[in-house]
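Okay, structure first, notes after.
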Amino acid sequence: MIFQLHSITMRKHLLLYFILLIGFISCRADKVVEKKYKTKYVIVLVVDGPRYSETWGDTSHQYIPFMHNVLAPQGVVHNQFYTQGETHTTSGHAALSTGIYQSINNGGQELPIRPSFFQHWLKQHPDDKSLAWIIASKDKLEVLSNCTEYGWKDKFRPSVDCGNAGLATGYRHDSLTQIKVMSTLQNNHPHLLLVNYREPDFSGHAGNWKGYLKGILKTDEYVHAIWQFIQNDPFYKDNTTLFVTNDHGRHLDGISNGFVSHGDNCEGCRHINLYSFGPDFKKDLVSPINRNLVDVHATILELLHIRGSFTEGNVMTELFN
């Protein structure tokens, strides 16, 4: 009788042990261990509308000398990078900032559907909206600061400086945008920044071939200047990730009116550029992996530990050390 009671007691103890063990394992499995990254700040530069054939697709790289000679050895160049959405300015920028492709009015008369990484980041860091910025030569891109989704509309909006003085005020010259970018970096030290340059798209639509090529050269200078600033500024040095990409390309020669326009599914409109640089990324690498705009969004979410944001993209794991 005593032995039987002892056996029952032992079984109860064993059962309790297994229950506790299962609970412990479950708690460990539910716990998400975040990777630690050196990146604290992210800057995205969007050069509006060059063709791949005049940029990284040109083996001479004559129109992107700084990007090719100075920046490329310090980061990762993608030679199979695309946009999978509508090949227009607002839709391309919206894909970058929201992580989804959507059909959206290209004239600044419609907000994106989903909240951007700016809004998600500011919800997690509500202290000061001056830490997140959109600076654009094109006024219509002010719509990127907001969305239509319930619970997000008109909330957690970044600081904006778009066009001459905001929506419906017209485009401004890229040189003025560059001045604003540099002063904002120096004075506000944003943690999250997206910049749009209107060239070479502006000259392309004007049918100005020389202006189009000059626009690529000039934005190459602007990108280099910002990269140099990041490298030398004590606030940004060794903890800032930089992405340089495009919103869309342009028609190849022989398609429609060639470099003058864009907007369809042709290779020229879809095949764009991406350069990635940062303390968590590899150096001197040309990646052949097929990627697209929303993958930049997903990678930013990962680097900054932004949780709860939906994205159609995938983290570009090939970038990381």
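The values are calculated or read from the model by the stated rules, or taken from the named source; none is laboratory data. Predicted model only: the values in this text are computed from it and were never measured. No Cβ is skipped: glycine too gets one built from the backbone with ideal geometry, and neighbour counts run over all protein chains shown. These accessible areas exclude ligands, DNA and RNA; they are computed on the full protein's heavy atoms, side chains included. Shrake-Rupley method; radii C 1.70, N 1.55, O 1.52, S 1.80 Å.
Exactly one residue out of 278, 258 is free of Cβ contacts under 8 Å to residues at least 40 places away in the same chain, crowded, with 16+ Cβ neighbours inside 10 Å and touching a Leu at 6+ places or on another chain (Cβ under 9 Å): that is 258. Checking each residue in segment 101-121 for being within 23 Å of residue 240 (Cα to Cα) and either in contact with a helix residue (DSSP H, G or I) (Cβ under 6 Å, 6 or more places away or on another chain) or of a type in the set (Lys, Arg) (or both) picks out 116, 117.
Checking the structure you have, find out if any residue of segment 75-82 is in contact (Cβ under 8 Å) with a residue 40 or more places away in the chain, within 25 Å of residue 118 (Cβ to Cβ) and part of a helix (DSSP H, G or I).
no
The residues in segment 139-190 that are open to solvent by 40 Å² or more (accessible area, probe 1.4 Å), under 20 Å from residue 127 (Cβ atoms), assigned to a loop (DSSP other than H, G, I, E, B) and touching a residue at least 12 places away in the same chain (Cβ under 8 Å) can be counted, and the count is 5. For segment 191-211, which residues satisfy the criterion of being touching a residue at least 60 places away in the same chain (Cβ under 8 Å) and not small (Gly, Ala, Ser)? Result: 191, 192, 193, 194, 195, 196, 197, 198, 199, 200, 201, 202.
The single condition from (1) assigned to a helix (DSSP H, G or I); (2) of a type in the set (A, V, I, L, M); (3) surrounded by fewer than 20 Cβ atoms within 10 Å (Cβ to Cβ) that residue 113 fails is (1). Taking the stated definitions as given, is residue 264 exposed (fewer than 14 other Cβ atoms within 10 Å of the Cβ) and charged (D, E, K, R)? The answer is yes for residue 264.
Do you know which of the residues in segment 191-207 that are open to solvent by less than 10 Å² (accessible area, probe 1.4 Å) and part of a strand (DSSP E or B) is farthest from residue 94 (Cα to Cα)? Ranking the candidates gives 200 first. Quick check: is even one residue across segment 233-244 open to solvent by less than 20 Å² (accessible area, probe 1.4 Å), modelled with pLDDT of 95 or more and farther than 28 Å from residue 309 by Cα? Checked against the condition, which is being open to solvent by less than 20 Å² (accessible area, probe 1.4 Å), modelled with pLDDT of 95 or more and farther than 28 Å from residue 309 by Cα, segment 233-244 yields no hits at all.
As an exercise: evaluate residue 39 against (1) assigned to a helix (DSSP H, G or I); (2) at pLDDT 95 or above; (3) among the hydroxyl-bearing types (Ser, Thr, Tyr) and give the number of the one condition it does not meet. Among (1) assigned to a helix (DSSP H, G or I); (2) at pLDDT 95 or above; (3) among the hydroxyl-bearing types (Ser, Thr, Tyr), the lone unmet condition for residue 39 is (1).
To keep it simple, each residue is scored yes or no on (1) farther than 18 Å from residue 248 by Cα; (2) of a type in the set (Asp, Glu); (3) buried (at least 24 other Cβ atoms within 10 Å of the Cβ).
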residue	(1), (2), (3)
70	yes, no, no
80	no, no, no
91	no, no, no
100	no, no, no
108	no, no, no
137	no, no, yes
